[in-house]
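Structure first, then comments.
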Amino acid sequence: MVRIAVGQLHCLQANEAWCHFTGSVADELFADGWLQWVHADDRPVITTQFEQHASDGLPYTIEYRLRTRQGEYRWVRDSAVPKYTEQGIYEGYVIATADIHDWKKAIDAAFAQAQAANSVSDIVIATDLDFCVTVFNKVAEQTYGVDAAEVLGKPIRESIQHKYPDCTREEALYELYLNGSWQGPAFYDRTDGKRIYMDCHLEFIKDREGRRIGVVGIHRDISKLRERENSHYQQEQLLLLEKHVLELTAQPGVSLKTIVDNFLEGIEAFFPGMMCSVIIVDPDDGRLTHLSAPSIPTEFTSKVRELRPGPAVGSCGTAIYRKEMVITTDIYTDPLWHGSHEVADIFGLRSCWSLPIINGQNLVLATIAAYHNVVKSPTREELNLLERIRNLLLIIIENKNAETRISASHERYLLITRVTNDVIWDWDIVNKDHTHWGDGFYSLFGYRPNNVRTAAGFWESCLHPDDQDRVLKKLEQFILGNRSRVWEDEYRFRKANGDYALVHDRGFLIFDHEGKINRMVGSMQDITEKRELEKQLLKQELDKQSMVAQAVVNAQEKERADIGKDLHDNVNQILTTAKLYLEMIQHGDVDGAQLINRVSDSIAEAINEIRTISRSLVPASIGDLGLVVSIQDLVENINAARQLKMEFEYQGDVDATIDEKKKLMLFRVIQEQVNNVIRHANASLTVINLSVDAEGINLSVKDNGVGFEPERVKVKKGVGLSNIVSRVQLFNGTVKIQTAPGRGCTILIKVPL
């Protein structure tokens with residue numbers, strides 16, 4: 001049936017089939033319009049759709065009830081196509097009308113039958129022979145998460161794509177066309193990531209004449225049943241996977257990465273759509289590194305190496321920082337992924353759930369993360385699974401870390417036993433029939449491995465006869481007493497060539513899980529050369545002390561000689577003159593009053609000379625006024641004589657820090673060096689610098705005199721310099737002399753506090 005319509009649904013033309021079906025004539029259609037043959041309930045919808053599409057000039061399809069010449073209403077479908085003139089002017093619609101009444105009734109009957117048989121709890125979908133959806137019930141809407149308005153009239157493959165685990169779609173359709181029906185399992189992945197499992201039944205819809213006019217599908221949701229079956233199956237498979245992973249962990253040659261790769265690949269096989277990763281924390285610099293990510297592109301995982309844990313560093317970096325689980329349902333909108341969600345979006349990652357792996361010391365070793373390509377929140381079962389994976393990963397990582405530490409420790413032990421001079425030994429105390437000797441035993445004592453008995457008696461037989469009873473008794477008391485963990489002793493041990501080496505032996509006890517002694521481990525050290533060296537050092541120290549003592553005696557003798565010279569040359573001459581004056585007064589040869597004045601002056605001069613000598617020996621200012629004022633007084637006296645210009649500088653709280661003995665030593669050193677400068681340096685300026693800091697006392701005496709050659713002075717063993725050195729060494733100090741001919745002399749002294 002064909003007609004042409006325009007404007008307010010007025011017909012311009014209708015063919016004979018249309019007129020015959022409705023029992024109308026062309027004049028009636030042109031005059032009154034064709035809506036009078038449409039069911040009253042369908043007229044508003046037809047008018048609205050016609051006007052809407054007519055304004056856009058677009059084709060459309062609509063179903064409604066049309067009155068026949070017998071007066072009954074039958075379902076028809078209009079397929080309208082816009083009509084244009086040769087000049088491109090829109091004229092109206094060419095509308096083809098098809099009788100679909102029998103098909104519609106068959107669809108309704110099938111739908112009613114499905115509702116009655118399944119109490120509207122099953123999915124009911126009907127299509128025409130082109131698989132365009134005609135029925136999409138409420139249960140289908142709820143199950144697929146799609147509104148009926150979005151799929152009606154459209155090919156079902158555009159909205160719903162079922163997958164068949166036991167066959168292909170083509171094989172299912174072939175059986176449907178061949179037998180008239182098909183039944184089997186199928187599943188559907190929703191946009192939210194949830195998978196729906198169904199038991200499907202497809203059957204053709206037929207009219208009263210038995211002609212196929214459509215397809216109806218009745219699908220029963222068996223997801224919960226399938227989940228229970230899958231859960232039981234997954235539990236069995238997960239146990240097998242865990243057993244396999246633990247077996248790998250027990251093999252020392254298998255790396256941690258290989259084990260975790262196997263584990264994550266197995267997990268991903270159980271849960272399609274889940275992509276797992278394990279990120280470890282570098283203990284040195286705190287950076288993040290992907291240990292394993294079997295299904296995640298390396299372009300994404302390589303970016304993680306640039307990151308450190310923080311309060312907003314994706315899911316894993318934040319989980320490590322917080323030490324708690326972090327669930328990111330939508331990576332693109334979660335603020336924790338700010339700055340990184342674009343990279344994740346490139347690789348289609350939309351959700352991430354991360355759990356930190358924390359050891360017994362509350363340190364985060366790694367994280368386990370689950371990614372999906374859809375916005376997704378974890379179910380309770382998924383969280384339980386991740387918790388289970390985390391616990392097993394903790395065991396695996398700690399076991400492998402411990403294995404690595406043990407291997408490194410063993411390697412260090414082997415290296416140490418090869419490079420050290422110590423002999424490492426391990427004695428089985430329980431059986432007392434086995435002692436393990438390290439490699440150093442053979443190189444140190446000259447024995448060959450094949451010639452050494454491992455029994456404890458071998459060691460006893462090598463002890464010097466004079467030491468044997470003492471050493472064995474002390475060792476036995478140590479083991480029985482068990483009051484100390486460490487045993488030490490020195491004794492002579494026979495070497496392979498028959499000579500005896502003096503050894504220092506040290507060992508400690510090892511207890512079993514019951515607290516009983518079962519082993520003793522220790523080391524022997526050949527200290528023969530050490531003892532000889534100690535004797536030599538002791539002799540050198542004694543010789544040094546003798547030299548220092550002799551230098552002190554020499555200095556004292558020199559001081560006595562200087563004092564005697566001063567007394568003889570100055571005081572003695574002055575007093576002799578005074579005596580002569582007194583004798584002259586006794587004889588009465590001269591004016592007594594004048595000579596008495598001269599005697600008085602001579603005695604005063606002698607007193608001043610004696611006072612000067614006394615001050616040089618024990619300056620009262622050191623005890624009374626302190627070291628700084630004493631040095632200042634010395635400097636003023638030298639400057640007053642105008643033989644030499646002197647300057648004095650000091651830093652720190654000198655008098656409060658230095659004790660009296662060191663003050664006197666420093667003053668004598670300064671006195672000695674100033675005398676050396678006056679007598680030998682021919683200098684015009686001398687600078688004294690004294691400072692105290694946390695490391696000790698620093699003293700320097702610098703002049704601009706003629707200097708000297710240090711080697712020539714050492715040969716002469718000048719008493720002045722040796723006196724300075726000996727005084728300083730008595731207080732464990734050091735003396736450094738910097739001088740050269742024509743460049744003056746600087747003495748640097750350091751004394752510890």
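Can you order the peptides 140-148, 532-540 by their average number of other Cβ atoms within 10 Å per residue, highest first? Don't jump to the answer; show the numbers that get you there.
On the way: 140-148: 15.7, 532-540: 10.3.
By packing density, highest mean first, the sequence is 140-148, 532-540.
Quick check: pseudo-label points 7 Å beyond the Cα along Cα→Cβ at D601 and R287, how many nm apart are they?
9.3
Taking 0.36 nm per residue of separation and subtracting the Cα-Cα distance, what length does fully extending Q594 through K544 add? Please list the in-between numbers first.
Values: separation 50, 0.36 × 50 = 18.00 nm, distance 5.99 nm.
That works out to 12.0 nm of additional length.
Which of the aspartates and glutamates could a cross-linker span from K83 if the Cα-Cα distance has to be under 14 Å and same-chain partners fewer than 8 positions apart are dropped?
Candidates past the 8-residue exclusion: D56, E91.
Go through 192-201, 649-658 and give me the packing order, highest mean Cβ count within 10 Å leading. Provide the component values of the computation, followed by the final result.
On the way: 192-201: 16.6, 649-658: 14.1.
For the peptides 192-201, 649-658, the packing ranking is 192-201, 649-658.
Report, in order of residue number, the helices in the chain meeting two criteria: a C-alpha extent of 27 Å or more along the helix axis, and a mean Kyte-Doolittle hydropathy of at least -0.5; treat each whole DSSP H run as one helix.
On the way: long enough: 223-250 (38 Å, -0.92); 380-419 (58 Å, -0.20); 528-566 (57 Å, -1.16); 592-617 (38 Å, 0.03).
Taking the DSSP H segments of the chain (at least 27 Å long, mean hydropathy at least -0.5), we get 380-419, 592-617.
Pop the C-beta distance of D147 and R308 into the FRET formula with R0 = 51 Å and round what comes out to the nearest 0.05.
On the way: r = 47 Å, r/R0 = 0.92.
For R0 = 51 Å, the calculated efficiency reads 0.65.
Of all DSSP beta bridges located in the chain, what percent are antiparallel, nearest 5?
Around 95 percent antiparallel, to the nearest 5.
With a 10 Å radius around each residue's Cβ, average the other Cβ atoms per peptide and rank 311-318, 389-396, highest first. List each step's numbers first, then the result.
Details: 311-318: 21.8, 389-396: 18.2.
In decreasing order of mean packing, 311-318, 389-396 become 311-318, 389-396.
Multiply the residue separation of Q52 and N497 by 0.36 nm, subtract the distance between their alpha-carbon atoms, and state the gained length in nm to one decimal. The partial results should precede the final answer.
On the way: separation 445, 0.36 × 445 = 160.20 nm, distance 11.71 nm.
Separation in residues times 0.36 nm, less the Cα-Cα distance, equals 148.5 nm.
Which entries of K544/K702; K163/K206; K104/K163; K105/K154; K104/K154 show an alpha-carbon separation above 23 angstrom in the structure shown?
K544/K702; K163/K206; K104/K163
Where a Cα-Cα gap under 30 Å defines reach, which lysines qualify for K495, not counting those fewer than 8 residues away within the same chain?
Leaving aside lysines fewer than 8 places away in the same chain, those within reach of K495 are K432, K473, K474, K530, K535, K539.
Please compute the contact order of the stretch 420-526 in relative form: average sequence separation of alpha-carbon pairs under 8 Å and at least six residues apart, divided by the residue count, as a percent.
Numbers: 180 pairs, mean separation 33.1, N = 107.
Once divided by the residue count of the stretch 420-526, the mean separation gives 31 percent.
Once both labels are modelled 7 Å past Cα along the beta-carbon direction, what's the D192-E171 spacing in nm?
Those two pseudo-labels are separated by 3.3 nm.
Compute the length gained on full extension between T61 and I346: take 0.36 nm times their separation in residues and subtract their Cα-Cα distance, giving the result in nm to one decimal.
Working: separation 285, 0.36 × 285 = 102.60 nm, distance 4.08 nm.
Length difference between fully extended and current span is 98.5 nm.
Given labels modelled 7 Å from the Cα in the Cβ direction, how far is it in nm from Q573 to R208?
16.7
What is the stretch 103-221's relative contact order, in percent, from Cα pairs under 8 angstrom and six or more apart in sequence? Mind dumping the intermediate values first?
Working: 210 pairs, mean separation 33.7, N = 119.
Relative contact order, the stretch 103-221: 28 percent.
Can you figure out the FRET efficiency of K750 with R506, using R₀ = 45 Å and their beta-carbon distance, to the nearest 0.05?
Details: r = 37 Å, r/R0 = 0.83.
For K750 and R506, the calculated efficiency is 0.75.
How high is the relative contact order of the chain? Use alpha-carbon pairs under 8 Å, at least six apart in sequence, and give a whole percent. Write down the numbers at each step before the final one.
Values: 1169 pairs, mean separation 34.4, N = 753.
Relative contact order, the chain: 5 percent.
What number, rounded to the nearest 500 deg cm²/dmol, is the helix-based mean residue ellipticity at 222 nm of the chain, given -39500 (n - 2.57) per DSSP H run of at least four residues and division by all its residues?
Numbers: 25 runs with 343 residues, N = 753.
About -14500 deg cm²/dmol.
Since every read-out is calculated from the coordinates, none of them should be taken as a lab result. Note that this is a predicted model, so its numbers are computed, not measured. Note that we place each Cβ from the backbone using ideal geometry, even for glycine, and neighbour counts take in every protein chain shown.
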